[in-house]
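**Q** Before we start, here is the structure in question, set down as structure tokens.
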Amino acid sequence: MSSPSPSGETPLSHRDQGRSLRHGSRLDSYVDAYAERTLGMTASQIRSLFAVASRPEVVSLAGGMPTIASLPLDVIGDRIAELVRSDGQAALQYGSGQGDPRLREQITDVMRTVGIAGHPDDVVVTVGSQQALDLVTRIFIDPGDAVLVEAPSYVGALSTFRSYQASIHHVQMDDEGLVPQALREALAALAAAGTRPKFLYTIPSYQNPAGVSQPLARRREILEIARAAELLVVEDDPYGLLGFSGEPPRALRADSDDGVIYLGSFSKTFAPGLRVGWALAPHAVREKLVLAAEASVLCPPAFTQMVVSRYLDTTDWMGQVKVFRELYRERRDAMLQALTAHFPPGSHWTRPDGGFYVWLTLPEGLDSQAMLPRAVTARVAYVPGTAFYADGFGTRSMRLSYCYPTPERIDEGIRRLAGVVEAEIDLVATFGTGHLAGRTGLGLPAPDLT
Ligand SMILES: Cc1ncc(COP(=O)(O)O)c(C=O)c1O
């Protein structure tokens, strides 16, 4: 039973809210059957954008797609054909729920590059690290449980947490990632409310979407705070090997065997289409993860695991990572140069030292969500900042990806975007902020982004 709110009205239950939201739509006939958890499931702004952003005339700075064209595709094709011929009976068969033992060993070699001395027994291979995120959330979160999450954070993680009805509490970041003092304060505020968060979700290296990285001293401080508070840390590290200078940053998990679940992926260092990722978890947690994985997919695909395993065994995979680093460094440079050359004063942005993303904050009074239709009309796309917050923040910000377009296209895209921002500044100066929503910069109807 729901109790009356302070205003005297009886609040709608989740299901009733869903009913009223969907009233009149073709989904009405199913609305009584949906589980409550589906109310947190809405199409991400990134997915809605894909259709528009993939038009050839649009420079997409929206998606985070790796540049697969730089892989030796003919060599990989030959290896895959050879795999099916020589080992097809295993590659096309069901496999272990925990993942292929040989690949799990190789994964421990990969993790050594970020300082982790893990054991293959503690590795669970997953369908991308997205499934690892899903499994971790599934085994720890009951509806209403609190999780601590950087602000802003990865859209896919927010969707997962929402789908398990977690209560998301953001923790502030600055140019060096998660702010330790903000973490202390978030823990104290939750403790004062009698709540203990189930875990902290963090992306310490080349964060998505902010592009910032935690320096070593900060990583140690965060681990110390987590240890003192007995707070589990979920460390998501798909970009750790894609730094542009120096050695890969040391993972949090390298200095905490028991307090950190580490999530890794071959999506950015090899190919996302294979959907191979992993979790390295303390032993007892590993067991639960395997049971959850078996309940979900029986086992990760033997075929794609063996493709990754052969690739690691037979190619200079680290050489290919260096090719990716060089490619993305050049594109990062192109984006930063274009921003400096074209953008009007009053905007500021992060300067990533690795990964795929720049986080840009617009001049006061501008709204990146309201501006998006006008940007698409000007043939450039980005992801509005609000996608990366659970609480509606981020209206002045946007994520810009440099991983996919060529340097020339990046320059063109930023030039177009700067033009939209300048027009927007003029509109705000003339009409005030209330006049922006729903208008397009060129007097055309706003494209449908839904
Ligand atoms: C921070 C972060 N975590 C996880 C993922 C999911 O990666 P995967 O392809 O391994 O599922 C992504 C993908 O963009 C990401 O940026």
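FYI, it's all coordinate maths here, none of it is from the lab. From a predicted model like this one, the values you see are computed outputs, not experimental measurements. Here the Cβ positions follow ideal geometry from the backbone for every residue, glycine too, while neighbour counts run over all protein chains shown.
**Q** What lysines does Lys288 reach when the alpha-carbon gap must be under 17 Å and sequence neighbours fewer than 8 apart in one chain are set aside?
**A** Cross-link targets: Lys198.
**Q** Please report how far the C-alpha centroid of the range 223-289 lies from that of the range 70-135, rounded to the nearest whole angstrom.
**A** The two parts, judged by their Cα centres, are 16 Å apart.
**Q** With +1 assigned to the C-beta of every Lys and Arg and -1 to the C-beta of every Asp and Glu, and no other charges, what is the dipole magnitude of the chain about the Cα centre in debye, to the nearest 20?
**A** My answer is approximately 580 debye.
**Q** Report, please, the projected area of the chain averaged over directions, based on the convex hull of its C-alpha atoms, in nm². Walk me through the numbers before you get to the answer.
**A** Details: hull surface 96.1 nm².
That works out to 24.0 nm².
**Q** Among Ser401, Ser265, Ser296, which one shows the highest mean-square fluctuation when the chain is modelled as a Gaussian network with alpha-carbon springs under 10 Å?
**A** Result: Ser296 has the largest fluctuation of those listed.
**Q** For the range 243-328, give the magnitude of the charge dipole about the Cα centre (Cβ charges: +1 Lys/Arg, -1 Asp/Glu; no others), in debye to the nearest 20. Walk me through the numbers before you get to the answer.
**A** On the way: 9 positive and 9 negative charges, 49 e Å.
I would put it at about 240 debye.
**Q** For a test of the definition: using alpha carbon positions, the gyration tensor, and the 1.5 limit on a/c, classify the range 242-398 as rounded, prolate or oblate. Numbers along the way, then the final one.
**A** Values: a/c = 2.10, a/b = 1.66, b/c = 1.27.
Verdict is prolate for the range 242-398.
**Q** What dipole magnitude, in Debye to the nearest 20, does the range 306-383 give about its Cα centre under +1 on Lys/Arg Cβ and -1 on Asp/Glu Cβ?
**A** Working: 9 positive and 8 negative charges, 29 e Å.
In debye, rounded to 20, the range 306-383 gives about 140.
**Q** Would you be so kind as to identify which of Pro300, Tyr311, Thr42 lies farthest towards the positive end of the dipole of the chain, taking Lys and Arg as +1 and Asp and Glu as -1 on Cβ and the Cα centre as origin?
**A** Thr42
**Q** Here's a follow-up. Find out how many positive minus negative residues lie around Tyr201, taking Lys and Arg as positive, Asp and Glu as negative, among other residues whose Cβ is under 13 Å from that of Tyr201. Let's see the in-between values first.
**A** Values: positive: Arg162, Lys198; negative: Asp134, Asp145, Glu150, Glu235, Asp236, Asp237.
Taking every other residue near Tyr201 into account, the sum is -4.
**Q** Moving on to the next point. Pick from Val421, Val123, Val31: which is most flexible by mean-square fluctuation in a GNM of the chain where alpha carbon atoms under 10 Å apart are linked?
**A** Top of the fluctuation ranking is Val31.
**Q** Between His348 and Thr315, how many nm apart are label points set 7 Å from Cα along the C-beta direction?
**A** 4.1
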